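Encoded as structure tokens, the structure appears first; notes follow it.
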Amino acid sequence: MNKKNNWKEVWWRLLQHGVVGAGGHGWPMKRGTACPCGWQHSAASPRATQALQLREHVFWTCTEASAIIRAIQHNLPVSVQLLPRHVWLLEQPCQTVRKELWYFLCLAALTAILRARGLVLSMLARTGVDPAVVDTRAVDLLLAALKDFAACQGSVSSFSDLGQSHPFVYARPNGSLAVSLQLPP
Ligand SMILES: [Zn+2]
């Protein structure tokens, strides 16, 4: 698949439990602090467990992650329930999405989540966090990643035969790809 290596970095670090600020290296948040969304890990848990709680929060339930997860879920068949393992371990949730495209979508989603979190932290320092802005920015990052992917494949690729109804990305009659991500209401 023609995609840049920088899309793989966050996923690789996540698997190694090495994302700084998301429980990486076994570090939870400082005692008494909270995520910008207000979430805190369990004060009673051991530090290693807190670090895992933080990782799960950052990549699944925090504002920017849940916006992206919601957008992905919205483009899947209604019978499919998106689970963390589908995104974190790149497990195809259904046959409706081509496997190789699913891989990229997950890499892009994880990268977008972390980039959006960076935006949230800088927003927090300047103006405070508006959850609606966070939602939009996060999904925009996913959309930009899909557009980058579509543009990088060229008109002749292994995706040139994706049907017009394929979710996330489809192939135009000339074989070039276009993004079809539908946004949830
Ligand atoms: Zn949070």
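Kindly provide the set of residues from the stretch 49-63 that are crowded, with 18+ Cβ neighbours inside 10 Å, more than 8 Å from the ligand (Cβ to nearest atom) and within 17 Å of the chain's Cα centre (by Cα), ordered by number. LEU54, ARG55, PHE59, listed by residue number. Looking only at the stretch 22-48, residues that are away from the ligand (no atom under 11 Å from the Cβ) and either surrounded by 15 or more Cβ atoms within 10 Å (Cβ to Cβ) or at positive phi (or both) come to 7 in all. Selection of helices (runs of 4 or more DSSP H) fully inside the stretch 1-95 by the criterion of at least 2 residues being of a type outside the set (Lys, Arg) and closer than 13 Å to ILE113 by Cβ returns 9-15, 63-74, 84-88. The residue of the stretch 64-89 that is nearest to PRO185 (Cα to Cα), among those that are under 12 Å from the mean Cα position of the chain (by Cα) and among the small types (Gly, Ala, Ser), is ALA71. Out of ALA67, ALA71, one residue alone is within 13 Å of the ligand (Cβ to nearest atom), crowded, with 17+ Cβ neighbours inside 10 Å and at pLDDT 90 or above. It is ALA67.
Taken over the stretch 150-176, residues that are surrounded by 12 or more Cβ atoms within 10 Å (Cβ to Cβ) and in contact with a Gly (Cβ under 8 Å, 6 or more places away or on another chain) amount to 5. Scanning for something in contact with a Lys or Arg (Cβ under 8 Å, 6 or more places away or on another chain), buried (at least 21 other Cβ atoms within 10 Å of the Cβ) and within 25 Å of SER160 (Cα to Cα), does the stretch 107-117 turn up at least one residue? Yes, the stretch 107-117 contains at least one residue that is in contact with a Lys or Arg (Cβ under 8 Å, 6 or more places away or on another chain), buried (at least 21 other Cβ atoms within 10 Å of the Cβ) and within 25 Å of SER160 (Cα to Cα). Listed by first and then second residue, the pairs with beta-carbon distance under 7 Å, at least 6 apart or on different chains, first residue in the stretch 27-56 and closer than 19 Å to SER122 by Cβ and touching a residue at least 60 places away in the same chain (Cβ under 8 Å), second part of a loop (DSSP other than H, G, I, E, B) and within 14 Å of the ligand (Cβ to nearest atom), are PRO36/VAL129; CYS37/CYS62.
The values are calculated or read from the model by the stated rules, or taken from the named source; none is laboratory data. Since we're looking at a predicted model, the values are computed, not measured. Methodologically, a virtual Cβ is constructed for each residue, glycine included, from the backbone with ideal geometry; neighbour enumeration extends over all protein chains shown.
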